[in-house]
1. Scan the range 92-108 for residues that are touching a residue at least 40 places away in the same chain (Cβ under 8 Å), assigned to a helix (DSSP H, G or I) and farther than 12 Å from Asp47 by Cα and jot them down.
2. Residue check: is Ala43 within 16 Å of Ile115 (Cβ to Cβ) and either without any contact (Cβ under 8 Å) to a residue 40 or more places away in the chain or in contact with a His (Cβ under 8 Å, 6 or more places away or on another chain) (or both)?
3. Quickly run through the range 20-29 and pick out the residues that are buried (at least 16 other Cβ atoms within 10 Å of the Cβ) and free of Cβ contacts under 8 Å to residues at least 24 places away in the same chain.
4. Out of (1) open to solvent by 30 Å² or more (accessible area, probe 1.4 Å); (2) of a type in the set (Asp, Glu); (3) within 14 Å of the chain's Cα centre (by Cα), the odd one out for Glu13 is which?
5. Only one of (1) part of a helix (DSSP H, G or I); (2) at pLDDT 95 or above; (3) crowded, with 21+ Cβ neighbours inside 10 Å is not met by Leu132, so which one is it?
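The values are calculated or read from the model by the stated rules, or taken from the named source; none is laboratory data. All of these numbers come straight from a predicted model, not from anything done at the bench. Glycine gets a Cβ as well: all are built from the backbone with ideal geometry, and neighbour counts include every protein chain shown. In case anyone asks, the SASA skips ligands and DNA or RNA and just uses the protein heavy atoms, side chains included. Shrake-Rupley method; radii C 1.70, N 1.55, O 1.52, S 1.80 Å.
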Amino acid sequence: MSESSFQDDVLGELGDDKLTEIAGLLGTDTAGAKETVAETVGAMTGDIRQKADADDADGVEVRQAIVEVAEAEPPLEGVAALGGLGGLLSGGMMAGVLAKVSKPVAAAVSKRTGIPAATISRVIEMLIPVVLAVLAKRASGRAAGTGAAGAAPGAAPGAAPGAAPGGTPGTGGGLGDLLGEILGGGKK
């Protein structure tokens with residue numbers, strides 16, 4: 001089975017109705033909306049990767065959020081299930097991380113595309129629940145398929161908060177591998 005990109009998974013989860021809604025918001029067709037969504041999601045995941053590598057409070061928060069996503073209960077299927085993602089939508093750490101990166105991502109995408117940052121911010125607001133759903137699905141798929149949840153003891157919840165920044169070499173690599181598996185591409 002070929003592995004789809006994170007952007008493709010977000011577009012698939014988004015569905016035609018939401019994509020049409022985003023196209024209307026952007027004043028473009030669905031092809032233009034797909035392009036903007038892919039660029040926005042790429043910028044979001046790039047920012048998350050960069051923050052996860054940082055040896056500061058933001059880095060700790062992102063690494064904790066990744067562990068939280070990886071250990072969450074398997075997600076329900078479909079966009080209708082967004083309310084039941086194990087608390088990810090109601091105060092989960094990854095929702096907070098995505099909210100924090102939204103403003104700089106909107107500014108960066110706006111600069112590259114010429115679309116007003118306020119419009120990109122509205123698109124990001126629509127994308128956050130979908131991105132959370134895809135993250136949760138990918139994390140549970142990795143956990144079931146590769147034993148990522150079983151491999152998580154190296155990056156266990158107790159280890160991630162304090163030990164993640166410099167911690168043990170295995171912890172950082174394991175968490176980095178998990179991030180690569182969830183977001184795809186594994187390259188930094």
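1. The one that is touching a residue at least 40 places away in the same chain (Cβ under 8 Å), assigned to a helix (DSSP H, G or I) and farther than 12 Å from Asp47 by Cα: Met94.
2. Numbers: within 16 Å of Ile115 (Cβ to Cβ): yes; either without any contact (Cβ under 8 Å) to a residue 40 or more places away in the chain or in contact with a His (Cβ under 8 Å, 6 or more places away or on another chain) (or both): no.
Criteria not met by Ala43.
3. Initial filter on the range 20-29 (buried (at least 16 other Cβ atoms within 10 Å of the Cβ)): 22-23, 25-26.
Hit for the range 20-29 is Ala23, nothing else.
4. (1)
5. (2)
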